[in-house]
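Below: the structure, in structure tokens.
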Amino acid sequence: MNVTSELLKELAQLAETDRTVLSAYVSVTRGWDDAHAFVERESKKLMHFLDRKEKDYFHTSLSFLNDYLKEKKEQGFSGPGVAFFADLGADFVRGVELVSAPEPLLAVDDEAIIYPLALELDEYEPIGVIMIDASCSRILIVAGQVIEDMDSFCKNIHHLSKVGGWSQMRYQRRRAKQIKHFAQDTIENAKSIFGGTAIKRIVIAGRDRMITALEHEFPKTWKDNVIATVRWDLDAPDQDFVRKVRPLLERAERDEEKNLLQKLVAELRRAGLAVSGVEPTLKALNMGQVDTLFLSEELDFITKEELTSRAQATAAYVELIPETNEVLSRLGGAAALLRFKIKPQMRSL
């Protein structure tokens with residue numbers, strides 16, 4: 001779960017000559033034998049289109065890819081997929097675990113192919129999850145089909161005493177204090193973990209009383225980050241949780257897209273900080289004007305790759321919109337919110 005915007009920016013800046021950059025997207029959902037067979041089959045096809053120098057680069061890069069796949073297999077990685085990039089001219093070799101099965105691809109070109117990676121980062125943005133009940137808490141990061149346990153902690157909080165009178169009241173106060181401290185410790189751990197991973201969306205899961213205790217300890221800065229509260233049993237399988245929250249994450253993604261597109265349309269209507277259409281958007285990217293790039297999945301792959309690469313190279317945020325979105329379709333499939341406008345130059349008389 002290590003796809004980051006920093007990695008995409010690094011990849012976008014790879015632009016060596018002589019088609020020296022190897023890009024590979026490999027699915028392992030059907031097992032490692034199938035993954036290795038795909039690499040072998042596609043590499044043989046590519047050989048027919050490479051000159052002697054390119055073949056030397058390709059053979060070396062391919063050996064790095066096979067070493068990476070072997071390492072992942074030995075580590076027990078089971079998928080759903082990996083991406084790998086090698087640019088020998090830039091002394092750059094990098095593999096990354098994916099959180100969704102990619103469309104398999106093996107290519108050699110003068111730049112890294114990054115659109116599939118950008119699509120995963122946008123569509124499967126990692127979320128932070130805090131699970132808690134009266135005895136344990138778990139802090140997770142979930143993305144796509146992958147769930148990663150960042151911190152687990154159990155603490156014995158006594159159940160209510162059946163003894164009446166002052167004894168029971170003291171016991172209840174003691175237990176309330178234990179719950180409060182447990183919630184505080186959990187929040188502090190979550191703040192440390194989520195802050196270090198730039199988590200923007202948070203889901204709270206667990207038993208009612210403990211969720212309430214957590215909510216009392218929330219930092220004010222989390223107000224807009226918590227997208228859902230889920231009643232959950234911590235003993236339930238993790239993959240059941242992933243399936244349960246996936247619709248919530250998709251709804252949050254669509255809501256964010258809707259808000260950004262509304263802002264885009266408003267800026268276009270007043271001829272403000274926005275452009276639409278492939279050519280105007282590409283021009284704005286080349287000028288470093290773009291803050292947020294909107295791309296429809298209905299565009300052809302080459303166009304999406306070119307626009308995405310320029311966006312990542314200039315630190316623009318990429319918002320990939322499903323092809324069913326009518327607003328972006330009417331705008332030509334590409335648009336952008338701008339950081340600034342360039343004033344037209346006055347022609348001298």
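Close contacts from region 34-54, counting a first residue that is in the same structural domain as residue 107 (by TED's automatic domain parsing) and a second that is part of a helix (DSSP H, G or I) and basic (Lys, Arg), with Cβ to Cβ under 8 Å and a gap of 6+ residues or different chains, come to 47/55.
Per-residue answers, yes or no, for (1) of a type in the set (Lys, Arg); (2) under 30 Å from residue 154 (Cα atoms); (3) modelled with pLDDT of 90 or more:
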position	(1), (2), (3)
231	yes, yes, yes
239	no, yes, no
249	no, yes, no
252	no, no, no
256	no, no, no
267	no, no, yes
310	yes, no, yes
313	no, no, no
325	no, no, no
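Just to be sure I understand, how many residues within region 287-303 are in contact with an Asp or Glu (Cβ under 8 Å, 6 or more places away or on another chain) and buried (at least 24 other Cβ atoms within 10 Å of the Cβ)?
3
When residue 100 is evaluated against the numbered criteria (1) modelled with pLDDT of 90 or more; (2) in a loop (DSSP other than H, G, I, E, B); (3) among the polar types (S, T, N, Q), which criterion, by number, is the only one it fails? Failing condition for residue 100: (1). The single condition among (1) at pLDDT 95 or above; (2) in a helix (DSSP H, G or I) that residue 84 does not satisfy is (2).
Restricting attention to region 122-146 and to residues that are within 14 Å of the chain's Cα centre (by Cα) and over 19 Å from residue 251 (Cβ atoms), the residue that is modelled with the lowest pLDDT turns out to be 146. Got a number for residues in region 76-95 being surrounded by fewer than 21 Cβ atoms within 10 Å (Cβ to Cβ) and in contact with a strand residue (DSSP E or B) (Cβ under 8 Å, 6 or more places away or on another chain)? Residues that pass the stated criteria total 6. Here the condition is being surrounded by fewer than 15 Cβ atoms within 10 Å (Cβ to Cβ) and within 30 Å of residue 342 (Cα to Cα); of 269, 251, 231, 243, it holds for 269 alone. Go through region 317-336 and give me each residue that's surrounded by 24 or more Cβ atoms within 10 Å (Cβ to Cβ) and of a type in the set (Gly, Ala, Ser). Scanning region 317-336 gives 333, 334, 335, 336.
The values are calculated or read from the model by the stated rules, or taken from the named source; none is laboratory data. Keep in mind it's a predicted model, so treat the numbers as computed, not measured. Ideal geometry is used to build each Cβ from the backbone, glycine not excepted, and the neighbour counts take in all protein chains shown.
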